[in-house]
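Presented below is the structure to which this report refers.
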Amino acid sequence: MQETTRQWHLAERPQGEPDASCFELAESDVPEPAPGELLVRVNYLSVDPYMRGRMNAGESYAEPWGVGDVLNGGVVGEVVDSASERFSEGELVTGEGNWADYTLLDADDVAPVDPAVADQPAYLGALGMPGRTAYFGLLEVGTPKPGETVVVSGAAGAVGSVVGQIAALNGCRVVGFAGSEEKTEWLTGELGYDAAINYETTDDYGAALATAAPGGVDVYFDNVGGPITDAVFRELNLDARVAVCGQIAHYNDETMPTGPRKLPQLIVPRATVRGLLVSDFVTRFGEANEQLAAWVDAGDLVHRETVVDGLERAPDAFLGLFAGDNIGKQVVKVADAA
Ligand SMILES: NC(=O)c1ccc[n+]([C@@H]2O[C@H](COP(=O)([O-])OP(=O)(O)OC[C@H]3O[C@@H](n4cnc5c(N)ncnc54)[C@H](OP(=O)(O)O)[C@@H]3O)[C@@H](O)[C@H]2O)c1
């Protein structure tokens, strides 16, 4: 095992859109695990849109990173030194660790990774936090019923790709918005979406939605916000539910955009709009993990990861989320893991 580890730090806070200058790669000694801790060689790390909020000084739905802090998030890796009876060296685990070659994890906060169920990166996507967000967000907030129409924005991403498939498994008509032809073809081909709209090549989202969802929209799972959401609000049916999961179209905004207000469009449909945070369901994560793994095992849930190779490219992978570079879950391969 090497004696030093590279790790990414927040070099400065972004103004608007972040760029490479916000990140700094530095080297330090590989730490020793204290009692109850595991030293893990990171094989894959997760980059996620919510991390944009952590780069700001103000509150978002996760704690802000301090300037100079080591960046952290979901990781999958191998235990190389254990100071806990719960896990032994050589075991694969997932938890919240550093953007680094090696990281310490608290043994009480990690879960085992079973490569027989799925490859390691899936534990950061469909079998990880994004999968659980899709599961609880759709079923508990969206509450879809068979025969209803579910519309998903950011449909080809980590959360969206799982939402649409769960909606289809529940007997719904599913329509997705995504940003390329390759993505929309994946949605209607492999994932079983009934229709998909490429918002990058569509001028009139409302007209496209009226064709794709002729019976209107009963559930809208919103990952994105912006003009896509404006268009969906105009098509909401009576008693529609809107699950507000993310607003990535606005994460780099310095000020909240103003304009014609959309709330009147909620009056006639008596729509319910509810924010969701996956952490609210923490006591039920076991249920979601079990069901998601069972769907994957049965071939009912397709998962896909976009892998950027090399810890040194982690910021590129993160910035790529805002350009739509990923299909399915964006991960970074750090070590040459099997
Ligand atoms: N509330 C929670 O507990 C929770 C938990 C997890 C995630 N989230 C939120 O859920 C959303 C999806 O997260 P994820 O991890 O699954 O990310 P993701 O969808 O895998 O990646 C982000 C995607 O957003 C799309 N996008 C970027 N900028 C956009 C814009 N201006 N307009 C429309 N689409 C844009 C891109 O796809 P296109 O090519 O289609 O543009 C990109 O691939 C994010 O907003 C995230 O913050 C919330």
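The values are calculated or read from the model by the stated rules, or taken from the named source; none is laboratory data. All figures in this text were calculated on a predicted structure; none of them were measured in a lab. With ideal geometry, Cβ positions are generated from the backbone for all residues, glycine too; neighbour counts draw on all protein chains shown. These area figures cover heavy atoms from the full protein model, side chains too; ligands, DNA and RNA do not enter into them. Shrake-Rupley method; radii C 1.70, N 1.55, O 1.52, S 1.80 Å.
Taken together, N198, N223 contain a single residue that is under 25 Å from the mean Cα position of the chain (by Cα) and under 27 Å from Y61 (Cβ atoms), which is N223. Looking at the stretch 235-248, can you tell me whether even one residue there is over 29 Å from M129 (Cβ atoms), open to solvent by 50 Å² or more (accessible area, probe 1.4 Å), away from the ligand (no atom under 15 Å from the Cβ) and out of contact with any Gly (no Cβ under 7 Å at 6 or more places or on another chain)? For the stretch 235-248, residues over 29 Å from M129 (Cβ atoms), open to solvent by 50 Å² or more (accessible area, probe 1.4 Å), away from the ligand (no atom under 15 Å from the Cβ) and out of contact with any Gly (no Cβ under 7 Å at 6 or more places or on another chain): present. Of the residues making up the stretch 253-279, those that are under 18 Å from V162 (Cβ atoms) and touching a residue at least 24 places away in the same chain (Cβ under 8 Å) number 3.
Which one of G189, G226, G179 is free of Cβ contacts under 8 Å to residues at least 12 places away in the same chain, under 23 Å from G328 (Cβ atoms) and either more than 15 Å from the ligand (Cβ to nearest atom) or open to solvent by 10 Å² or more (accessible area, probe 1.4 Å) (or both)?
Every option except G189 fails the conditions.
Filter the stretch 252-281 down to residues that are under 22 Å from Y199 (Cβ atoms) and at pLDDT 95 or above and give me whichever is farthest from the ligand (Cβ to nearest atom). Filtering the stretch 252-281 for residues that are under 22 Å from Y199 (Cβ atoms) and at pLDDT 95 or above, the one farthest from the ligand (Cβ to nearest atom) comes out as A271. Listed conditions (1) modelled with pLDDT of 95 or more; (2) under 24 Å from F87 (Cβ atoms); (3) not acidic (D, E) are all met by A20, apart from (2). Given the structure, is D203 of a type in the set (D, E) and closer than 16 Å to A158 by Cα? Judged against the criteria, D203 is not a match. For the stretch 142-160, the set of residues classified as open to solvent by less than 10 Å² (accessible area, probe 1.4 Å) and either part of a helix (DSSP H, G or I) or on the phi > 0 side of the Ramachandran plot (or both) consists of G142, G160, listed by residue number. Candidates are the residues of the stretch 308-338 that are of a type in the set (D, E, K, R) and over 15 Å from F23 (Cα atoms); the one that is modelled with the lowest pLDDT is D336.
If you check Y220, Y205 for being more than 12 Å from the ligand (Cβ to nearest atom) and of a type in the set (F, W, Y), only one passes: Y220.
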